[in-house]
1. Say whether the condition of being among the acidic types (Asp, Glu), more than 17 Å from the chain's Cα centre (by Cα) and under 25 Å from Gly165 (Cβ atoms) is met by at least one residue in region 52-72.
2. Based on what the data block shows, is Gly108 under 22 Å from Met4 (Cβ atoms), open to solvent by less than 80 Å² (accessible area, probe 1.4 Å) and either assigned to a helix (DSSP H, G or I) or touching a helix residue (DSSP H, G or I) at 6+ places or on another chain (Cβ under 7 Å) (or both)?
3. Which residue pairs have Cβ atoms under 6 Å apart, sit 6 or more places apart or on different chains, and have a first residue in region 118-147 that is at negative phi and a second that is in a loop (DSSP other than H, G, I, E, B) and of a type outside the set (Gly, Ala, Ser)?
4. Restrict the check to region 28-36 and report whether at least one residue is touching a Pro at 6+ places or on another chain (Cβ under 9 Å), within 17 Å of Cys138 (Cα to Cα) and assigned to a helix (DSSP H, G or I).
5. Test Ser73 against the criterion of being part of a loop (DSSP other than H, G, I, E, B) and hydroxyl-bearing (Ser, Thr, Tyr), and give yes or no.
6. Mind checking which residues of region 78-105 are open to solvent by 70 Å² or more (accessible area, probe 1.4 Å) and either of a type in the set (Val, Ile, Thr) or touching a strand residue (DSSP E or B) at 6+ places or on another chain (Cβ under 8 Å) (or both)?
7. Of the numbered conditions (1) among the aromatic types (Phe, Trp, Tyr); (2) open to solvent by less than 80 Å² (accessible area, probe 1.4 Å); (3) touching a residue at least 60 places away in the same chain (Cβ under 8 Å), Phe5 fails exactly one; give the number of that condition.
8. Any idea how many residues of region 16-29 are open to solvent by 40 Å² or more (accessible area, probe 1.4 Å) and more than 12 Å from Cys82 (Cα to Cα)?
Amino acid sequence: SVSMFGMTVGSLLVYLFPSFFALDQLQNQLTLASILFAASMLVGILTHLSMPIVIEWSAVVLYSMVVTYVMISLPFIFSGICVSLVLTRFPRQVSKLYAADLIGAATGCVLLVYLLGLTDGPSAVVVVAFLACVAAVCFGMSGTSSGLQYLAAGLGLLLAVFAYGNT
């Protein structure tokens, strides 16, 4: 439900602000959305892991739950932006893109089983964030901002080192 909420918000942002998501900046926006997806995954998991688990009702517990929900849904907002941009800006290839999306999701589910055999849950999240940086580098190859591509590559390298070290 958290992922569907976040992806819906991301898609709504693309729909409600079409001038902000202009076609001439598509590659850079896809790159940036992928970078923010990766970065917010790391911040989200660290925030979630730092929240205390308390089994009583209070304002602090409610606040903790709201912060956790927002921080965990934030990466999905950026992924929703990315998926929505791809599916709406390339209408002639929508069937191929949607097929690739479904194949990628299915492959990710299978590979996650093996990944969790190699590492723990939080490190697996960091590995997925690394893969988002790989996507950002790929999106950035045809964009106009090489700075975003270097940022994605640098963040990806840091995430890979962090995931390996944490494992």
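The values are calculated or read from the model by the stated rules, or taken from the named source; none is laboratory data. Small disclaimer: the values here were computed from a predicted structure and weren't measured. When we count neighbours, we look across all protein chains shown, and the Cβ atoms used for this are built from the backbone with ideal geometry, even at glycine. Side chains included, ligands, DNA and RNA excluded: accessible areas come from the protein's heavy atoms. Shrake-Rupley method; radii C 1.70, N 1.55, O 1.52, S 1.80 Å.
1. No, there is no match, as no residue in region 52-72 is among the acidic types (Asp, Glu), more than 17 Å from the chain's Cα centre (by Cα) and under 25 Å from Gly165 (Cβ atoms).
2. yes
3. Partner pairs satisfying both residue conditions: Thr119/Thr167; Ser123/Thr167.
4. yes
5. No, not satisfied.
6. Once the filter is applied, which keeps residues that are open to solvent by 70 Å² or more (accessible area, probe 1.4 Å) and either of a type in the set (Val, Ile, Thr) or touching a strand residue (DSSP E or B) at 6+ places or on another chain (Cβ under 8 Å) (or both), region 78-105 yields Thr88, Ile103.
7. (2)
8. Result for region 16-29: 8.
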